[in-house]
Amino acid sequence: MKRITAALLAMVIAMVSLQGCYGKMALTRKVYQVNGQVGDKYLRSLVTWVFIIVPVYGIAALVDFVLFNTIEFWSGHNPVAQGEKDFQYSENGDTFKVHAQKSGDTLRYTFNRYHGDTHLDTLTIDWNVKTGNSVALLRGGDNVTQYQAMRSKGGVQVTSSAPDAFNPGRQVTALYQ
């Protein structure tokens, strides 16, 4: 009888504490993305079956629901959803490999540009989501150019410290409205 009472009490506490706890299910989505990155459709199907039989999906969903979504419900932040993401896209024969990382109010995007297998340049952008200000560094070969974008009353002020800008060593400022 004590076990039944304890089990019922635990269920009631869980139901009350997890009320409205529908979150991002970020861990389950990451497991799903890992499965989706398998290129061959037959191998992807096999991985899906393995993830179901070994209960990778079930365990990820349980940990998401009980732990991470509860943390998200009470704090407003999901520790798994924050963090890093990688993706790539192609345009005009160039491939861009992008790494996005969130840390507090700052988002950092790193774009590596390739033409075929040749690395051309890297652009790193640090953007503060609260202030809207950003700093970018463009590295190509031996050249490094820094850009800053800051909100101003008339629009956005962009500053470049390109060594080959209009006059060497001089900062160039433009105001976009």
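The values are calculated or read from the model by the stated rules, or taken from the named source; none is laboratory data. Remember, predicted model here, so these are calculated numbers, not experimental data. Backbone-built Cβ (ideal geometry, glycine too); neighbour counts: all protein chains shown.
If I go through the stretch 73-106 residue by residue, how many of them are more than 23 Å from Gln37 (Cβ to Cβ) and not small (Gly, Ala, Ser)?
Total meeting the criteria: 6.
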> When Ala14 is evaluated against the numbered criteria (1) of a type outside the set (Val, Ile, Thr); (2) modelled with pLDDT under 80; (3) in a helix (DSSP H, G or I); (4) closer than 20 Å to Lys85 by Cβ, which criterion, by number, is the only one it fails?
Replying inline: (4)
> Which one is farthest from Met11 (Cα to Cα) among residues in the stretch 45-65 that are of a type outside the set (Phe, Trp, Tyr) and surrounded by 14 or more Cβ atoms within 10 Å (Cβ to Cβ)?
Replying inline: Val47
>> out of contact with any Asp or Glu (no Cβ under 6 Å at 6 or more places or on another chain), within 30 Å of Ala10 (Cα to Cα) and free of Cβ contacts under 8 Å to residues at least 40 places away in the same chain: which single residue out of Gly76, Gly116 fits that description?
In response: Gly76
> Does Gly83 meet the test of being at pLDDT below 80, within 22 Å of the chain's Cα centre (by Cα), surrounded by 12 or more Cβ atoms within 10 Å (Cβ to Cβ) and within 30 Å of Phe111 (Cα to Cα)?
Replying inline: yes
>> Among the numbered criteria (1) assigned to a loop (DSSP other than H, G, I, E, B); (2) among the basic types (Lys, Arg); (3) modelled with pLDDT of 70 or more, which one does Arg113 miss?
In response: (1)
> Which condition number in (1) modelled with pLDDT of 85 or more; (2) touching a strand residue (DSSP E or B) at 6+ places or on another chain (Cβ under 7 Å) is the one that Leu138 fails?
Replying inline: (1)
> Within the stretch 64-74, can one find any residue that is in the same structural domain as Thr48 (by TED's automatic domain parsing) and of a type in the set (Ser, Thr, Tyr)?
Replying inline: yes
> Taking the stretch 108-135 on its own, how many of its residues are closer than 23 Å to Asn92 by Cα and among the small types (Gly, Ala, Ser)?
Replying inline: 1
> Does any residue of the stretch 152-165 turn out to be over 25 Å from Val34 (Cα atoms), modelled with pLDDT of 75 or more, touching a strand residue (DSSP E or B) at 6+ places or on another chain (Cβ under 9 Å) and not assigned by TED's automatic domain parsing to the domain that holds Lys24?
Replying inline: no
> For the stretch 66-80, what are the residues that are crowded, with 17+ Cβ neighbours inside 10 Å and either of a type in the set (Phe, Trp, Tyr) or at pLDDT below 75 (or both)?
Replying inline: Phe68, Asn78, Val80
> What number of residues in the stretch 99-119 are surrounded by 15 or more Cβ atoms within 10 Å (Cβ to Cβ) and either closer than 17 Å to Gly141 by Cα or not assigned by TED's automatic domain parsing to the domain that holds Leu137 (or both)?
Replying inline: 5
>> For the stretch 86-97, give me the residue count where each residue is under 28 Å from Ser75 (Cβ atoms) and surrounded by 14 or more Cβ atoms within 10 Å (Cβ to Cβ).
In response: 0
>> Of everything in the stretch 96-137, what is basic (Lys, Arg) and either under 14 Å from the mean Cα position of the chain (by Cα) or more than 23 Å from Ser160 (Cβ to Cβ) (or both)? Give them in sequence order.
In response: Lys97, Lys102, Arg108, Lys130
